[in-house]
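Asks: Once you've had a glance at the structure underneath, I'll fire off some questions.
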Amino acid sequence: MWSRLGRCNDAGQAFPIYITVVAGLLFLAFAYLAVGQAAANRNGAQTAADAAALAAALDKRDQLAGQWVEDVLDPTQWQDIFDGEVPGLVDSCLRADQLAAQNDAVVNGCGSPTPLEYTVEVQTNKPVGDSIVPGTDDLKSTESASAVIEALCTFELPGEDAGDDVLPELSCKDRNWELDPDDLTVLPEPEDLFDVHLAD
């Protein structure tokens with residue numbers, strides 16, 4: 001008799017503990033889900049920031065390479081081009097806007113701290129979403145990235161006695177270019193002149 005009552009009492013006491021444990025496990029599961037949602041949102045923002053910064057840098061690289069082709073017969077202009085010091089170029093942050101939009105984000109800020117660098121900050125369009133963490137439902141992730149343009153070529157201007165029709169040899173990372181002013185059909189491509197990568 002007492003044994004049966006004791007078992008009933010034990011079962012009655014264990015039930016609230018069971019409910020508490022299950023509730024705790026459910027809370028942890030939802031908490032991990034919320035953390036996962038936030039991490040995924042941040043990852044999306046970082047991907048958008050990386051893509052936007054690279055797009056801006058690649059756009060300027062292409063413009064610089066185009067300017068070099070225009071000025072190929074005037075090697076006195078080359079160094080300014082390789083240094084990124086070319087006035088009148090189109091604002092490359094427009095490309096950052098486009099790439100951010102393709103990654104479901106918007107550019108909060110885009111700038112060029114140096115002539116051969118772009119830093120972009122983006123914010124996701126989508127918030128973290130429903131979460132058990134109060135006040136986080138409407139939060140959007142913000143991340144930034146920087147991309148660097150690196151000149152790959154060096155040259156030495158010819159001496160005054162070399163004549164105006166002599167172009168310097170262009171020593172690039174993987175190739176030396178001997179440029180003939182009378183035959184400029186084959187010139188370095190933008191990727192031969194400049195490398196573009198995310199900043200460390």
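Every number here is computed from the coordinates shown, using simple stated rules; none is lab data. Remember, it's a predicted structure, so these values are computed and weren't measured experimentally. Methodologically, a virtual Cβ is constructed for each residue, glycine included, from the backbone with ideal geometry; neighbour enumeration extends over all protein chains shown.
Asks: Give me the net charge of E143's neighbourhood, meaning all other residues with Cβ under 9 Å from the Cβ of E143; Lys, Arg count +1, Asp, Glu -1.
Replies: Neighbour charge sum, excluding E143 itself: -1.
Asks: Can you list the lysines whose alpha carbon is less than 21 Å from that of K126, not counting same-chain residues fewer than 8 positions off?
Replies: Here the lysines satisfying the reach criterion relative to K126 are K140.
Asks: Give, as a single signed number, the net charge of other residues whose beta carbon lies under 11 Å from the beta carbon of D104, with Lys and Arg counted +1 and Asp and Glu -1.
Replies: After counting each charged neighbour, the total is +2.
Asks: Say a paramagnetic label sat at a point 7 Å from the Cα of V166, along Cα to Cβ; which residues of the stretch 62-84 have their backbone N under 15 Å from it?
Replies: Those under the cut-off are 75-76.
Asks: 7 Å from Cα along Cα→Cβ at both A199 and V69: what's the point-to-point distance in nm?
Replies: 3.0
Asks: Something else about it: Please compute the net charge surrounding D80, taking Lys and Arg as +1 and Asp and Glu as -1 over other residues with Cβ under 12 Å from its Cβ.
Replies: Residues near D80 contribute -4 overall.
Asks: Using Cβ contacts closer than 10 Å as the measure, can you line up R61, R42 from fewest to most? Before the final figure, lay out the partial values.
Replies: Working: R61 23, R42 15.
Placing the least packed residue first, the sequence is R42, R61.
Asks: Order of 144-152, 45-53 by packing, highest average Cβ count within 10 Å first?
Replies: Details: 144-152: 19.6, 45-53: 24.7.
By packing density, highest mean first, the sequence is 45-53, 144-152.
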